[in-house]
Amino acid sequence: MGFSKTLLVYVLLCVHIGLSQHFLRLRPSPSDTLPVPDLIEDPDPEYDPREQDLVERTLKKKLGSNFDANFMSVSAPAPVNVTASDAQVKLQGPMPNEIRRLDLTETPYGKKVKVGKKARRKFLQWLWTYTHCPVVYTWKDLGVRFWPRYIKEGNCFSERSCSFPEGMSCKPVKSISKVFLRWYCQGFVRQKRYCTWIPVQYPIISECKCSC
C-alpha cells in the first residue's frame, strides 16, 4: 500500500477513535489575561514625559540589566512578518511524547495493522505539525508613557483549529515577565503633580497549547 493510502487509512482511524484522547483532550489551564489588553490612558499630554525625561542613556541605566533587546526596542522596529504557513511548520524541540508514543497499529475493532517505519514517521510528523501551537510574535507600540516604547508581544497561533477533528484552539499556558519603565504621575493639580519613571513587570506569552 502506498504512503498516501496508508496516511488516509490512519487519518480515518484517528477520526474514529478521537485521535488518542489522552493526547488531544488535554485541558491545560490557559490564562484569560494574555496578551495584555491595551491600556486606557488619560489623553491629556500633561501626563506625558517631556523631552528631558526621555534621555535614552539615563533610562537605559535606570532599567539596567532588565533591558532585553530581544523583546524591547526604543525606536519603531521593522515589522515581524510571520505567515500562517511559517507558523505551522516551525517546530521546536523534540516531538512530544504524547505523539511519539501513539499506537497506530490498533484499530477500533481490536485488529492489528502493519505500519512501516517510514509511514509512521511521516504520519506522526504531519500530526505534530497540525496540532502544535506556536507563539507568534509581533511588535506592539505601548505609547510614550512606557520605556522602551516597543515590546515584542506573543500571541497564540489562531489561523485554524489545532485538533483533529476540529473544535479546539491554541491557548496560552505559560508567560515570562519583562521589566519596563512606566511614567507615573501623582496629584491632580499641576503645581503639586509629581511624575517619575517606575519599573513595572509586563507579562508576555511564552508557550501555547491546544485546549477546549
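No lab work stands behind these numbers, since they all come straight from the coordinates. What you are looking at is a predicted structure, and each value in this text was computed from that prediction instead of being measured. Counting neighbours? That spans all protein chains shown, and the Cβs are built from the backbone with ideal geometry, glycine included.
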Anchor LYS112: aspartates and glutamates whose Cα lies under 17 Å away (excluding residues fewer than 8 positions away in-chain) = ASP103
Label-point separation, SER177 to LYS61 (7 Å along Cα→Cβ), nm = 2.7
Filter the trypsin sites (Lys or Arg not before Pro) in the range 103-211 down to the DSSP loop ones having no more than 13 other Cβ atoms within 10 Å, then list what survives.
-> LYS111, LYS114, ARG160, ARG193
Phi to ³J(HN,Hα) by Karplus 6.51 cos²θ - 1.76 cosθ + 1.60 over the range 35-48, Hz, x for Gly, Pro | x, 4, x, 4, 6, 8, 9, 5, x, 4, x, 4, 9, 8
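Quick one: net charge around PHE67, please, counting Lys, Arg +1 and Asp, Glu -1 for every other residue with C-beta under 11 Å from its C-beta. If you can, show how the numbers build up before the last one.
Details: positive: LYS60, LYS61, LYS62, LYS178; negative: GLU56, ASP68.
With Lys, Arg at +1 and Asp, Glu at -1, the neighbours total +2.
Which GluC sites (Glu not before Pro) does the range 138-196 hold that lie in a coil by DSSP with at most 15 other beta carbons within 10 Å?
Sites meeting the loop and neighbour criteria: GLU159, GLU166.
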Which of the lysines could a cross-linker bridge to LYS62, judged by Cα under 25 Å and excluding same-chain residues fewer than eight apart?
-> LYS140, LYS152, LYS178, LYS192
